[in-house]
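Here, each number is a calculation from the coordinates, and none is a lab measurement. All values reported here derive from a predicted model rather than from experimental measurement. Positions of Cβ are generated from backbone atoms using ideal geometry, with glycine treated the same way; all protein chains shown enter the neighbour counts.
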Amino acid sequence: MTFRLDEQIIKKLRLESDNRQISTNTLVNQALRRFLEWGMFESTAGFVMINKPVFSEVFSKLTQKQIVDIASRVGKNEVRDIALFMKGNTDLLSFLSWFEIRMINSSVQVSHSNNDGFHTYVLKHDIGRNWSTYHKTILELIFQEVFNQKILVKADKNTISFQFSE
């Protein structure tokens, strides 16, 4: 397969691949993967761009009760529906794949381990306790109501961890 690219795009790709110390081919594959898994859905799924400090400040003004209420009334259904829209179904593995991609595309560091069907995720986000509470609530509700499965979620100011068995 061959593509014709503008010279300016080629220069930027080469410069960025040099900066990242990866091949231009790898960089292009990463960019296309990100677009196909996430970018082409962003506007149609209703996502908006906002930088972390602004988002964190706005979220910090809400009470824990308000955060849980928003997550329960709106967040849970939106997360489930967007995952379905972007992945085509809502089985556990599709949802987790979508959730991980969503976190990564939200500048959240994600660590995932799978030991004989026992999954552990750790998310480092630096957005504040309310963001942790929001996602803790959503994960607990989705695992309970959609997957009928137990999950252990721990949340603090800058991290969320959750564990479950397949």
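Summary table below
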read-out	value
Residues R33 and L152, FRET efficiency given R0 of 30 Å [Cβ-Cβ distance, rounded to 0.05]	0.45
Compactness relative to 2.2 N^0.38 Å, alpha carbon Rg of the range 19-116	1.27
Gyration tensor (alpha-carbon) shape descriptor, the range 105-156, a/c threshold 1.5	oblate
The range 1-73: trypsin sites (Lys or Arg not before Pro) falling in loop per DSSP and having at most 11 other Cβ within 10 Å	R4, K61
Distribution of pairwise C-alpha distances over the chain, 10 Å bins, in %	9, 32, 34, 17, 8, 0
With Cα atoms, 0 to 90° folded angle of helix 24-37 axis to the chain main axis	40 degrees
